[in-house]
1. Out of the residues in region A:68-99 that are more than 7 Å from chain B (Cβ to nearest Cβ) and closer than 18 Å to residue A:303 by Cα, state the one that is surrounded by the most Cβ atoms within 10 Å (Cβ to Cβ).
2. Which is touching a strand residue (DSSP E or B) at 6+ places or on another chain (Cβ under 6 Å), crowded, with 17+ Cβ neighbours inside 10 Å and in contact (Cβ under 8 Å) with a residue 60 or more places away in the chain, of B:245, B:239?
3. What is the residue count in region A:251-307 for residues that are under 18 Å from residue A:396 (Cα atoms) and assigned to a loop (DSSP other than H, G, I, E, B)?
4. From the list A:140, A:191, exactly one residue is more than 9 Å from chain B (Cβ to nearest Cβ) and more than 18 Å from the chain's Cα centre (by Cα). Which is it?
5. Check region A:313-321 and report whether any residue there is crowded, with 17+ Cβ neighbours inside 10 Å, at positive phi, modelled with pLDDT under 95 and out of contact with any helix residue (DSSP H, G or I) (no Cβ under 6 Å at 6 or more places or on another chain).
6. Could you say which residue among B:376, B:326 is touching a residue at least 12 places away in the same chain (Cβ under 8 Å), over 18 Å from residue B:397 (Cα atoms) and in a helix (DSSP H, G or I)?
7. Within region A:195-236, how many residues are part of a loop (DSSP other than H, G, I, E, B) and either crowded, with 24+ Cβ neighbours inside 10 Å or modelled with pLDDT of 95 or more (or both)?
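The values are calculated or read from the model by the stated rules, or taken from the named source; none is laboratory data. These figures come from a predicted structure and were not determined experimentally. Note: ideal-geometry Cβ built from the backbone for every residue, glycine included; neighbour counts use all protein chains shown.
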């Protein structure tokens, strides 16, 4: 086989579902029904479209609070999910067959036993299509719904997360893949040599196990992360298989992606064990003018006062008193949002943006890459990022739903396929298979070895405490 | 209209889904596929059958652990839900249209914000068919999965539960029913006068709110409880709308049901605001002999050693060293299972059962009423309980699935309908409507009154702490 005949490396694509769109003013667009997310058929239509288009996964973010300090400030922002991501994905699982189902759950506010069980259940229900986007929840609004005055420190949250994911994996590995024998004659449902207690005793968690679901279809549901801080990258290098990131420039993204793969390699993992997907919001049309008009149309609905309010509550950066036509003052670099604050501040410095211009950029995609142009122009950019090591694929943020997703499916994917960069058919049935990620072994020998530990041994941190 | 023409009061019927059946040996029955619960179509088939038969709800119990102290002891018992009840009900919600969806969640191990949100999400997804069976989790095995050496005391668990459900309701009431205005012109998604912070500060929980789902379709998903202890009854009298109970005799059940309604009435509720459903397992066939043969067939698969093991681990009552042909020694009356231990011990004393006979009774339905006979005989019993105030209906525990449920649908329901005791069609679309339960008001006045509290004011217990 000659080199040119070899199939090209394929892009991984996520469809990031998010309220009625990722543009901050999406719900005010005349073509958008802002109450659509209250209806299941809205989500079902999007998931089915994404599956028909062969996206690797639908991706659902999450917070466990509404932001804003009073009814007045809360009133300006529609909730992203009027229900709850795992509930929604459980329902979508039974109406789809191949697309991955990635939900966000915080290690700070849900116990590892629940997290392990919920994702194992979704993995079973979907035939191996679950992914867990692990976050640590960086806001005081969320902390206040769980008994805290303020969020835990960034350090503390990542220490908890590190131990949390270790426990979750140990629970997933508490049964061998072939533990169920259901032997009516002996009365044994499980082979006792194929299950083990977890008996985790750590600094933050003590969990006995085993997990009542048995082993997930994928061994482990795919571990996804999006933290860009140093702690976030460290955790991702050790445990994440899919990393979602906000990057404004190809070179910065390349440095981030390759740096993360370096770190993973240093920990004994292969570079392809960690796939990095920058977020990208796409305004595309047959002509560049039409594409620009789509973005401009949405900008018209941005209310500057509301946007500044929103940036204050979501990003903890108060620009409400700032001169709109001057460069922004430095952000506070608060615990929860330091990476994102830095990203925006750097962007403003680099491109010499005024507060007004910065707010426009923020409204378009919360810091993610914005591409505006014809299908060829957009795909040129995506290809350049992909080929230069700045991305293993992209998480697609449609500005409004369903139109923005339709545009990508109808205009961008055909061009990607023409260039051999994106699949025509799913390669497998599980998310792991479609992403090309190996299935973790269960750590039991073929004839049963209840005392063997899967992967690295569980650390007993209590002895240091 | 004459008195005789007035429609009879209708029985409420729940279909209690539980692994492959409620008989302890169900999975060993030759007609049963013990691995069926790993497949969604198994649950879907049962839910659709129950809906076609017009059951009020499917009911899912839950524990957050497998029981048994070692792989050897765990190996003998199949998990009840190989997934997780809320995940399963979310999926079932989108394939059904009228049947209620009741899941069990513990107030001891899941924070009120999560509980409020999960059930609000299920309520939205199902168009108002969610019910929350509130339990406090009475086992050390569950405690060990959540960082505790032993379960909390019975008292403590019920104190937590009392505050927990108060917070959950306050979160459900944090938005008015008509809070969403989605006003594109003003940029306000919510009417700020129609939402309020919860700002709960109690002994066990501090929760700011509001709940990001908005108000549930039913106002509040239906509150279900099953605790029979004094604390359990006290909480149920104050907050439960549906009570599930294990009762062996009609007179005892009547005393329980009327006592609970007395307590509810003393708290200002109407007697019909609390519907009590004893559990009943039914062996029915055209002849009594055939019905008895069905029960005997299952008894054949009970392994006495395994059953005693199981009673020790599930019920914390060690009969493994006892003389099988003598009366049982008294149970230990442990924290978690005192009501159920007492029920069985009383039953053995009353009916003069040996350990062997008691184990048979336990295996049949874990302490619930067992009816064996022809359709007319079974319905005579159900009618007598219902008419004498010993039940508002029943939660049906099929010995094996799907056959045991089919038997009830094909043989018992037609006879109930013939006597005018059970519906031909659903009365409404929501669980609350079908149960005849009022929809709780949101506590906001029509023109918006963010400062009014719904129901009783939230107690600040911190001042007493």
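1. Applying the filter and picking the extreme gives A:68.
2. Numbers: B:245 fails: in contact (Cβ under 8 Å) with a residue 60 or more places away in the chain.
Going through B:245, B:239 in turn, just one is touching a strand residue (DSSP E or B) at 6+ places or on another chain (Cβ under 6 Å), crowded, with 17+ Cβ neighbours inside 10 Å and in contact (Cβ under 8 Å) with a residue 60 or more places away in the chain: B:239.
3. Total satisfying the criteria: 1.
4. Details: A:191 fails: more than 9 Å from chain B (Cβ to nearest Cβ).
One residue alone meets the criteria, A:140.
5. Our first condition is that a residue be crowded, with 17+ Cβ neighbours inside 10 Å; within region A:313-321, this holds for A:313-317, A:319.
When the remaining residues are screened for being at positive phi, the result is A:316.
In the following step, the residues that additionally are modelled with pLDDT under 95 were identified as A:316.
From what is left, the residues that are out of contact with any helix residue (DSSP H, G or I) (no Cβ under 6 Å at 6 or more places or on another chain) are A:316.
Checked against the condition, which is being crowded, with 17+ Cβ neighbours inside 10 Å, at positive phi, modelled with pLDDT under 95 and out of contact with any helix residue (DSSP H, G or I) (no Cβ under 6 Å at 6 or more places or on another chain), region A:313-321 yields at least one hit.
6. Working: B:326 fails: in a helix (DSSP H, G or I).
Only one candidate qualifies: B:376.
7. Keep residues of region A:195-236 that are part of a loop (DSSP other than H, G, I, E, B), which gives A:196-199, A:202-205, A:208-221, A:226-229.
Add one more test, that the residue is either crowded, with 24+ Cβ neighbours inside 10 Å or modelled with pLDDT of 95 or more (or both), and what stays is A:196-199, A:202-205, A:208-221, A:227.
Count: 23.
This table checks each residue for (1) without any contact (Cβ under 8 Å) to a residue 24 or more places away in the chain; (2) farther than 27 Å from residue B:206 by Cα; (3) under 18 Å from the mean Cα position of the chain (by Cα).
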residue: B:88; (1), (2), (3): no, yes, yes
residue: B:91; (1), (2), (3): no, yes, no
residue: B:124; (1), (2), (3): no, no, no
residue: B:134; (1), (2), (3): no, no, yes
residue: B:153; (1), (2), (3): no, no, no
residue: B:162; (1), (2), (3): no, no, yes
residue: B:169; (1), (2), (3): no, no, no
residue: B:172; (1), (2), (3): no, no, no
